[in-house]
Amino acid sequence: MTVPEKPNLLFIFTDEQKQDTLRVYGNKKIRTPNLDRLAEESIVFTRAYVSQPVCTPSRSSIMTGLYPHTNGCIENNVPLKLEVPTIAEMVEDEDYLKAYFGKWHLGDEEIPQHGFEVWVSIEEMYKGYYTKEEYKAAKASYHIFLEEHGFKPDARNSGYPVFSRRFAARLPEEYSKPAFLAGEVCRFLRENRDRPFILYLNFLEPHMPFFGPYDGMYRPEDVDLPENFDSPPGPDSPIRSRYLARYYRDHGFADREGKHRTLRTEWEWRYLISRYWGLVSLVDTHVGRILDTLAELGLDERIVVVFTSDHGDMMGSHRLVAKMVMYEEACKVPLLIMVPWLRGSPRLVEHPVSQIDLVPTLLDILGMPIPPHLEGRSWYPFLRGDRPWPEEPVFIEWNGRDGDLWVGGPSYDFPEQELRRAEGARVRTVVTPEGWKLNLSEIGEHELYNLKQDPSETRNLYREGREVVEMLYSYIRSWQERTEDDVELKI
């Protein structure tokens, strides 16, 4: 198949979806038929890593092709600077219509920005972080949709009525955020079928609150617990991980009725995972609507489709939930890239890759110039088979402060000074093709794992592997010099 002139791009990403929630990654119990069929047509990446395992920083890299420490979005709720361009601003071809639908988390949620002309918003809970005073009365697109169907806001933010996430998660499926977004995307596709477009779509799900219309789809007794469920963070794990495991054990989450549930028992964990799987299946249903519309309109042969997530979720691994740690379950995500004219290419990429490369890769696939300031590289030559995949490591960062659950909370016998120190500690991680993973903390809480022998990360080899540590440290130092990262690390 020849490359079409001015192909389209549909970039779908979820929030907080761990990699093993798709059949293509080994989960034989979860029901995701639409993502399964997309995977059959896609190049599947088995070792795709985020730049930082939390929302805003990871999204900043997905959109800009720069690491968080470079673009400035080093923690949640930091707006992306106006002078830092997104991929929409790098596409200079005026024929392209550029659209963003869903959660943004890089600035004002309700206002089009950073090169996107069409904007469909769903979030209103960030007004206090981002929104300028003149925009605070603006309503999200989803807010307007719910009001048109007779619903009334249940909460307030920055003095304005809003629909809370918990309210939205209790609604019937036809009024859910995924259903609303899919409907808006299908409308966009029908209205713009005859012009080139770039559409980014972000679903909030399966991010908390961990309940929704498909709560009964999976029975708790039928879901699988992770292999490392009974390997909570030990004495040689960072304080952050040890603290979070105890915090989630006691505080857990609230269900759809508002009942507080701890995570002390195996059944409580199974209950949580079953609801999380339900949210994944909910997203899958509405991704299916979009894929069907692409086929109906004859757009499926001239569109690049990407599916990924901004980070994973521990969901029981090491008895943790959510993200904010450097374990594989938080840092590794699903990544599918469907390029119709590359259908004869290898379908599986088992080399470690970073989302930092998505912007240059997609620009290259679309036939557009790659700006020299980007910190990633294009995979297009490797996907075409022009060159072998490079045996290169990937790098992940943590920049402290996010998830400061201990502020005003229980100390669990950790000295307050140590908790404060751990709260702000920055970490730099390298993962090699051979399976070595080194987490270096600026406060000395280092970890070394052999992912080939210990994929569940249950044995910290840092004190036993000096030669390997020195080699991996040199990789991190070279990367820091290349990206002008100023974190001081010692081994």
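Every read-out reported here was derived from the displayed coordinates using simple, explicitly stated rules and does not represent laboratory data. These numbers were taken from a predicted model, which means no experiment stands behind them. As a convention, Cβ positions derive from the backbone with ideal geometry for all residues, glycine included, and neighbour counts pool all protein chains shown.
Compared with the direct C-alpha span, the chain from ASP454 to GLU392 gains 20.3 nm at full extension, assuming 0.36 nm per residue. Using the Karplus relation 6.51 cos²θ - 1.76 cosθ + 1.60 with θ = phi - 60°, the per-residue 3J(HN,Hα) values for the stretch 295-304 come to 5, 4, 8, x, 8, 6, 9, 10, 10, 8 Hz, with x marking Gly and Pro.
Of the options (1) 3, 14, 18, 17, 13, 11, 8, 6, 5, 3, 1, 0; (2) 4, 20, 31, 28, 14, 2, 0; (3) 4, 16, 27, 29, 17, 6, 1, 0, only one is P(r) over Cα pairs in 10 Å bins from 0, in percent as computed from these coordinates, and that is (2). Here the residues CYS331, CYS55, ranked from fewest to most Cβ neighbours within 10 Å of their Cβ, fall in the order CYS55, CYS331.
Helices in the chain, meaning DSSP H runs of at least 4 residues, each add -39500 (n - 2.57). Divided by all residues, the mean residue ellipticity at 222 nm is -8500 deg cm²/dmol.
Here the label points at GLU464 and VAL118, each 7 Å from Cα along the C-beta direction, are separated by 5.6 nm in the simple model. Comparing Cα centroids, the stretch 421-458 and the stretch 19-65 end up 22 angstrom apart.
Remark on LEU263: its backbone amide H falls under 5 Å from those of ASP250, HIS251, GLY252, a criterion applied only to residues 5 or more positions apart or on other chains, H modelled at 1.01 Å from N. Using the Karplus relation 6.51 cos²θ - 1.76 cosθ + 1.60 with θ = phi - 60°, the per-residue 3J(HN,Hα) values for the stretch 251-268 come to 9, x, 7, 9, 8, 5, 7, x, 6, 6, 10, 7, 10, 8, 10, 4, 4, 4 Hz, with x marking Gly and Pro.
Relative contact order for the chain: 22 percent, from Cα pairs under 8 Å spaced at least 6 residues apart, divided by residue count. Close amide H pairs (under 5 Å, H built 1.01 Å from N) link SER121 with GLY102, SER141, TYR142, residues at least 5 positions away or on another chain.
In this simple spin-label approximation, ARG347 and GLU89 carry label points 7 Å from Cα along the Cα→Cβ vector, and these lie 4.0 nm apart.
Less than 5 angstrom separates the built amide H of SER354 from those of TYR49, all sequence-distant by 5 or more or on a different chain.
Between ASP236 and LYS29, the FRET efficiency from the beta-carbon distance, with R0 = 25 Å, is close to 0.15.
Take the Cα of GLU227, go 7 Å toward its beta carbon, and none of the backbone nitrogen atoms of the stretch 461-490 fall under 12 Å from that spot.
Taking 0.36 nm per intervening residue step and subtracting the Cα-Cα distance, what contour gain separates ARG195 from ARG289 on full extension?
31.8 nm
Taking θ as phi - 60° and the Karplus parameters 6.51, -1.76 and 1.60, the scalar couplings of the stretch 60-66 work out to 4, 6, 4, 8, 10, x, 10 Hz in sequence order, x denoting glycine and proline. For the chain, the antiparallel share of DSSP beta bridges with both residues in that region comes to about 50%. Approximating the spin labels as points 7 Å out from Cα along Cα→Cβ, the GLU418-to-MET125 distance works out to 3.2 nm.
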